Structures are given as structure tokens and as C-alpha cells.
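The next block holds one structure in the form of C-alpha cells; read it before the comments.
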Amino acid sequence: MTQTVYVLNGPNLNLLGLREPEIYGTQTLDDIAGLLEDRARELDLEIDMRQSNHEGHLVDWMHEAQATGAQAVLLNAGAYTHTSIALHDAIKAIRTPVIEVHLSNPHAREGFRHKSYVGMAAKGTIAGFGATGYLLALEAAARL
Ligand code: DQA
């Protein structure tokens, strides 16, 4: 049976392509979904890609990933990365492995981005490689 990988995106990532392209690149979230779907097909995986500006949606979707037996969650929590104990707890509350993804490298940016509540609970982190980071995370998910 083909396993599903949830790809969850947090606040402001709906604006990718327009939003600070010098930091986040010019590809849209739909472009990234297309790249992931192509690679997922080769890996015999399915992608369930979502975006929300609301913290609780991300929590609910992580619970759902576990309930539906997903292979893994790729999570770019946007700024909630640096603030959300609820997301930290949700990652710890589920057995489904969660891989933290960032387009930029938060450690090379402002000090307030250096702390990641997501990274403290995640299986691993891929950051700083732009849209390619999502593909690298999918490769990691396929090998779990
Ligand atoms: C981000 C990094 C976060 O610090 C920022 O708040 C984002 C995007 C990234 O993908 O590089 O919204 O998660």
C-alpha cells in the first residue's frame, strides 16, 4: 500500500514566490507541491500538502497524520517554529516521525529565529536549501 507523507506549512507560506523572494526564493507553494509529487511518485509515496496561518490547524493535522498512519510529516511551521510549545508538544504526542524543514537557514538570521521548539522535538531538520530542502526531507522520510 502506498504510504502518505503529510507536508504541513505554517503562516505566511501561502505567499511564497511573492514574500521576500531574496530570502525564500521565487517558487510558490504550488511549485514545491509539484516537485514533491513528481519525486513522491518515483518513491511510491503520496503527498498530502497543506498550508494554514493558524497554529491549531497544524496541531490537528499532526494528530490526523498519526490517526491515518502516515509515513512521516514534513513540517515548515514558519514563525510558529520559534514560539509554539503546542507544536512541540504535538510532535512529541505522536509516534509519526516529523522532519522540520525551512527554506532559509534560521541560524544565519536574526537571533529570535535561533530557537526552534519544532527542532527540539523533531526527528531531524533540513534548512537553508530553499525549495530543495523539501525534496531532501522527502528523501529522508522515504528511508525511515
Ligand atoms: C521559515 C523560517 C522562519 O523563521 C520564518 O518565520 C518563516 C519561514 C523558512 O522556511 O525559512 O516563515 O520557516
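The values are calculated or read from the model by the stated rules, or taken from the named source; none is laboratory data. Please read all numbers here as calculations on a predicted model, not as lab measurements. A quick note on method: Cβ atoms are made from the backbone with ideal geometry, for glycine too, and the neighbour counts reach across all protein chains shown. Just so you know, the surface numbers come from the protein's heavy atoms only, side chains and all, with ligands and any DNA or RNA stripped out. Shrake-Rupley method; radii C 1.70, N 1.55, O 1.52, S 1.80 Å.
Couple of notes before you dig in:
- Positive dipole terminus of the chain, leading residue within 91, 12, 140 (C-beta point charges): 91
- Mean separation of Cα contacts under 8 Å, 6 or more apart, over the residue count of the chain: relative contact order %: 27
- Classification of region 1-75 by its C-alpha gyration tensor yields an oblate form. The axis ratio a/c (a ≥ b ≥ c) is 1.5 or more, and b/c is at least a/b.
- Region 52-81 residues near the modelled residue 95 label - backbone nitrogen below 18 Å, point 7 Å along Cα→Cβ: 62-73
- Per residue, the chain exposes 49 Å² of solvent-accessible protein surface, assessed with a 1.4 angstrom probe and all protein chains in place.
- For region 3-142: rounded, prolate or oblate by the Cα gyration tensor [a/c cutoff 1.5]: oblate
- The stretch between residue 44 and residue 86, if pulled fully straight at 0.36 nm per residue, gains 11.9 nm over its current Cα-Cα span.
- Put simply, the amide H of residue 49, placed in the peptide plane, has neighbours under 5 Å in 7, leaving out anything fewer than 5 places away on its chain.
- Placing R0 at 30 angstrom, the Cβ-Cβ distance between residue 57 and residue 108 gives a FRET efficiency of 0.55 after rounding to 0.05.
- Using the Cβ-Cβ distance between residue 23 and residue 115 with R0 set to 22 Å, the FRET efficiency works out to roughly 0.75.
- Sum of side-chain charges, residue 130 neighbourhood, beta-carbon under 12 Å (Lys, Arg +1; Asp, Glu -1): -2
- Restricting attention to the chain, close to 0% of DSSP beta bridges with both partner residues there are antiparallel.
- Among residues other than residue 12 with Cβ under 10 Å from its Cβ, the summed charge is 0 (Lys and Arg +1, Asp and Glu -1).
- The chain - percent of accessible surface contributed by carbon and sulfur, probe 1.4 Å: 51
- When each of the peptides 66-74, 36-44 is scored by the mean number of other C-beta atoms lying within 10 Å of its residues, the order from highest to lowest reads 66-74, 36-44.
- Here the Karplus curve 6.51 cos²θ - 1.76 cosθ + 1.60, taken at θ = phi - 60°, turns the phi angles of region 138-144 into couplings of 5, 4, 4, 4, 5, 8, 6 Hz, with x standing for Gly and Pro.
- Using the Cβ of residue 59 as centre and a radius below 14 Å, the other residues enclosed give a net charge of -2, where K and R count +1 and D and E count -1.
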